[in-house]
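Working notes for the structure below.
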Amino acid sequence: MDNLEPGMDGMIENENKFRKDSMTDISLDMNEYRVNLRVAAIVRRGEDVLLCRPPGHDWWFLPGGRIKVNEDSLTAVQRELTEEIGAGFEVRKPTAVVENFFDLEDRRFHEICTVYEVTWHGGLIAATVEDVQEVFGWFSLAELSDVVLKPDLIKRRILNPRAELELIVNRENG
């Protein structure tokens, strides 16, 4: 977004402010929790599934990210995957809604995440933005039982896909 010059018309300034605000991640600090609205994807390539992890950590999670204000979950998952892995995917359907309560780096989180089934048709994983920090890896379904995946309850959905949408509640912090 371009910066506004001093003395520019107030109407243009307000329009730019609205567009900037409409692209803000939905993440709120409430009471002792950070509340996030996010999307994630079970990206399948045959019998493999794509996972990612923060550098320096030994646990993995599903690719995805926060939904932005005024963005629906389908648009968000398409945007996040394009940014993180490139355009070689097909979003098939929502498969689960995860209510996830956990602690990370001395902060309590309450996340609500819509998880989509996605098929990978591309070649190599290639981020389309510069600030992607995650490490990505393909895991066979047989390897999944040995992987530390957060939240762990999502493994059940990965290993046993269902036609219906499922609600998964995960409480790691009581």
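The values are calculated or read from the model by the stated rules, or taken from the named source; none is laboratory data. Predicted, not measured: the structure shown is a model, and the values here were computed from it. No Cβ is skipped: glycine too gets one built from the backbone with ideal geometry, and neighbour counts run over all protein chains shown.
For the range 122-143, which residues satisfy the criterion of being modelled with pLDDT of 95 or more and either out of contact with any strand residue (DSSP E or B) (no Cβ under 7 Å at 6 or more places or on another chain) or assigned to a loop (DSSP other than H, G, I, E, B) (or both)?
Answer for the range 122-143, where residues must be modelled with pLDDT of 95 or more and either out of contact with any strand residue (DSSP E or B) (no Cβ under 7 Å at 6 or more places or on another chain) or assigned to a loop (DSSP other than H, G, I, E, B) (or both): Leu141, Ala142, Glu143.
Among (1) within 20 Å of Asn36 (Cβ to Cβ); (2) among the hydrophobic types (A, V, I, L, M, F, W, C); (3) touching a strand residue (DSSP E or B) at 6+ places or on another chain (Cβ under 6 Å), where does Ile154 come up short?
Exception for Ile154: condition (3).
Within the range 85-119, can you find the residues that are in contact with a Phe, Trp or Tyr (Cβ under 9 Å, 6 or more places away or on another chain), among the acidic types (Asp, Glu) and at pLDDT 95 or above?
Glu90, Glu111 - these are the residues of the range 85-119 that are in contact with a Phe, Trp or Tyr (Cβ under 9 Å, 6 or more places away or on another chain), among the acidic types (Asp, Glu) and at pLDDT 95 or above.
When you check Val118 against the structure, is it assigned to a loop (DSSP other than H, G, I, E, B), in contact (Cβ under 8 Å) with a residue 40 or more places away in the chain and of a type in the set (Val, Ile, Thr), yes or no?
On the way: assigned to a loop (DSSP other than H, G, I, E, B): no; in contact (Cβ under 8 Å) with a residue 40 or more places away in the chain: yes; of a type in the set (Val, Ile, Thr): yes.
The answer is no for Val118.
If we scan the range 77-95, do we find a residue that is part of a strand (DSSP E or B), of a type in the set (Val, Ile, Thr), touching a strand residue (DSSP E or B) at 6+ places or on another chain (Cβ under 8 Å) and farther than 18 Å from Asp25 by Cβ?
Within the range 77-95, one or more residues are part of a strand (DSSP E or B), of a type in the set (Val, Ile, Thr), touching a strand residue (DSSP E or B) at 6+ places or on another chain (Cβ under 8 Å) and farther than 18 Å from Asp25 by Cβ.
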